[in-house]
Amino acid sequence: MEYVNSFPEGFLWGAATSAYQCEGAAAEDGKKDNQQDVINREIHDEYGYADASVASDHYHHYKEDVALMAEMGFTSYRFSINWARVLPDGVGEPNPKGVEFYHNLIDELRAHGIEPVVTMWHYDLPMALVNKYGGWASRQIIDDFAYYARFILTEYGSKVKYWLTINEQSIVVNYIDRKNKISMEDKFNPKFRYQANHYMNLAHAKAAILVHELVPGGQCGAALDMAPYYPHTCAPADVMAAKNANAFKNYFYMDAYIRGEYTESVMAYLKRQGLDFEILPGDMELIKKGSECFDFLGINYYQSGCVKAPTPGASRRSKENNKIGKGGHVTYEVQPDLFEGCKNENIGETDFSMPIDPMGLQYVLEDINDRYHIPMMICENGFGAYDVLEKDGSIHDPYRIAYIRAHLKAMKNAIANGVKLIAYNPWSAFDLLSTSNGIAKRYGFIYVDRTDDDVKECKRYRKDSFYWYKNVIATNGKNLE
Ligand code: BG6
């Protein structure tokens, strides 16, 4: 059922990327290593996937990329700042060339009428801080994050209205995988993760307060990965497991950002599991103050989840991404005594085992609006696939068009039901490194000609979805055909 056929006046249309996944120039112009440079070198050695040294070479192609975005009619672009490019040691001396790069990028966007939406941290902590005290493992990160936030807000605040502090905090806390983004340790130490989560909430709160202090008219948010959890059956124990999963994976993070408090059932569970964390006097006051500066929620929506009652005695297990790009290779999450992930037989999946569920997007948008009454921005949504560059330079990606079309319809329904949506920034503007599958798994509207083994010249090509999305934008989402 489709209720309305329009997006609001002034709705922002664009796409998203993150710094380490697209910039390249990883050791150029004064930039030092960040955690993702190191992790992606390891992934390259182990799986043969491309590392972050060249990525999509956006650092050298940014003008061309912005021109292509403008050709599609973009009015917004979500990207992240590479902390170690502007502050190579995390704090202290800035790197003039790195600072200049983001001025140039923002100016280029503004010159084309594109609103920048800037993420402060998208998984790439400077290695200097990781080596010094373990990154998110230490309380020191809160002040250092605030130092970095103050620096970039002072530098770019007059040109950027929309700021996102942290990308996908719940994923960082819950996934262990090869892309362990909290520390360099390879082991799953759940207790440590919830302490780090608390530090992230404090760092986020400080940065949110700074956005309001330093940016006139500034709007602060954070982008969360948002999957609604469905019960496998209507057996009460499965329904309870779904309730638990939604609280544990979703509300626990939103409650902290938006209400400035921790979800009671999750805190009780963590305590029972011996995973409770240290909260010092003043911490909750800071988190509360941060929540008063939280203006919009960024939604990264790819898929829904399905859970059932946990098997008694099952031990804790994190979900692991499908690394080989053949359906069925996925490990489901287990949280003992809380829920156990499983396959949803009612919906299809991509080759990388991502369930495809457009209605799930309508569900989360309406659920969040009913619960928190907060404006939202789609900060990611997209279809990762093996695209083929034809001899004539065309790329036929009907699967991506079908996916995005279905999600736009779901957004229209949510808007009709009262959801205040600011923008649609799907993943990704152009092809870039996947967090788990190198460059082979592509999401972009713009094809970047390189492979995992051969960086070639990273020449840009327009995919079929490029032309389709251009028409969607030109009609403010009225024409999705
Ligand atoms: C989101 C991340 O989780 O999903 C992005 O914010 C990521 O950084 C995207 O690239 C798609 O996931 P993947 O693993 O296919 O790259």
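Condition check ((1) without any contact (Cβ under 8 Å) to a residue 60 or more places away in the chain; (2) within 16 Å of the ligand (Cβ to nearest atom); (3) in a helix (DSSP H, G or I)) across all residues:
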{"site": "Leu210", "(1), (2), (3)": "no, no, yes"}
{"site": "Ala227", "(1), (2), (3)": "no, yes, no"}
{"site": "Thr233", "(1), (2), (3)": "no, no, no"}
{"site": "Tyr253", "(1), (2), (3)": "no, yes, yes"}
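Specify the residue that is farthest from the ligand (Cβ to nearest atom); the eligible residues are those in segment 424-458 that are touching a Lys or Arg at 6+ places or on another chain (Cβ under 8 Å) and not in a loop (DSSP other than H, G, I, E, B).
Of everything passing the filter in segment 424-458, Asp449 is farthest from the ligand (Cβ to nearest atom).
Check whether at least one residue in segment 326-340 is at pLDDT 95 or above and in contact with a strand residue (DSSP E or B) (Cβ under 8 Å, 6 or more places away or on another chain), and report yes or no.
Looking through segment 326-340, at least one residue is at pLDDT 95 or above and in contact with a strand residue (DSSP E or B) (Cβ under 8 Å, 6 or more places away or on another chain).
Residue check, Asn479 against (1) under 20 Å from Asp65 (Cα atoms); (2) away from the ligand (no atom under 15 Å from the Cβ); (3) free of Cβ contacts under 8 Å to residues at least 60 places away in the same chain, all met but one. Which one?
(1)
Picking from Val419, Val364, Val334, Val388, which residue would you name as being of a type in the set (A, V, I, L, M, F, W, C) and under 20 Å from the mean Cα position of the chain (by Cα)?
Criteria check complete, one pass: Val364.
Having 1 or more residues that are within 14 Å of Tyr102 (Cβ to Cβ) is the bar; report the helices (runs of 4 or more DSSP H) wholly within segment 1-83 that clear it. Let's see the steps before the verdict.
Working: elements: 19-22, 35-47, 58-72.
So the answer is 19-22, 58-72.
Quick test of your reading of the structure: Ala203 fulfils all but one of (1) of a type outside the set (S, T, N, Q); (2) in contact with a Gly (Cβ under 8 Å, 6 or more places away or on another chain); (3) surrounded by 24 or more Cβ atoms within 10 Å (Cβ to Cβ). Name the failing condition by number.
(2)
With the condition kept exactly as written, say whether any residue in segment 460-468 is touching a Gly at 6+ places or on another chain (Cβ under 6 Å) and either assigned to a helix (DSSP H, G or I) or away from the ligand (no atom under 16 Å from the Cβ) (or both).
yes
Return the residue satisfying two criteria in turn: it lies in segment 211-270 and is of a type in the set (Val, Ile, Thr) and in contact with a Lys or Arg (Cβ under 8 Å, 6 or more places away or on another chain), and of such residues it is surrounded by the most Cβ atoms within 10 Å (Cβ to Cβ). Give the derivation first.
Within segment 211-270, the first condition is being of a type in the set (Val, Ile, Thr), and the residues that meet it are 211, 215, 233, 239, 258, 263, 266.
Pick out the ones that are also in contact with a Lys or Arg (Cβ under 8 Å, 6 or more places away or on another chain) and you get 215, 233.
Working: Val215: 20, Thr233: 10.
Residue satisfying both the conditions and the ranking: Val215.
Considering only segment 399-418, I want to know if a residue exists there that is under 22 Å from Ile171 (Cα atoms) and either in a loop (DSSP other than H, G, I, E, B) or touching a Phe, Trp or Tyr at 6+ places or on another chain (Cβ under 7 Å) (or both). If you could, list the steps in order and put the result at the bottom.
At the first step, the residues of segment 399-418 found to be under 22 Å from Ile171 (Cα atoms) are 407.
Add one more test, that the residue is either in a loop (DSSP other than H, G, I, E, B) or touching a Phe, Trp or Tyr at 6+ places or on another chain (Cβ under 7 Å) (or both), and what stays is none.
Looking through segment 399-418, none of the residues is under 22 Å from Ile171 (Cα atoms) and either in a loop (DSSP other than H, G, I, E, B) or touching a Phe, Trp or Tyr at 6+ places or on another chain (Cβ under 7 Å) (or both).
Is it the case that segment 373-381 has a residue that's farther than 21 Å from His407 by Cβ and at pLDDT 90 or above?
yes
If I ask for residues that are away from the ligand (no atom under 13 Å from the Cβ), surrounded by fewer than 19 Cβ atoms within 10 Å (Cβ to Cβ) and assigned to a loop (DSSP other than H, G, I, E, B), which ones from segment 330-341 would you list?
Tyr332, Pro336, Asp337 - these are the residues of segment 330-341 that are away from the ligand (no atom under 13 Å from the Cβ), surrounded by fewer than 19 Cβ atoms within 10 Å (Cβ to Cβ) and assigned to a loop (DSSP other than H, G, I, E, B).
Scan segment 114-141 residue by residue and report those that are part of a loop (DSSP other than H, G, I, E, B), of a type outside the set (A, V, I, L, M, F, W, C) and within 23 Å of Met376 (Cβ to Cβ).
Correct list: His122, Tyr123.
Just need a number here: residues in segment 283-305 that are within 15 Å of the ligand (Cβ to nearest atom) and among the small types (Gly, Ala, Ser).
Going through segment 283-305 one residue at a time, the tally reaches 3.
The values are calculated or read from the model by the stated rules, or taken from the named source; none is laboratory data. For clarity, every value in this text was computed on a predicted model and none was experimentally measured. Don't worry about glycine lacking a Cβ; one is built from the backbone with ideal geometry, like all the others, and counts go over all protein chains shown.
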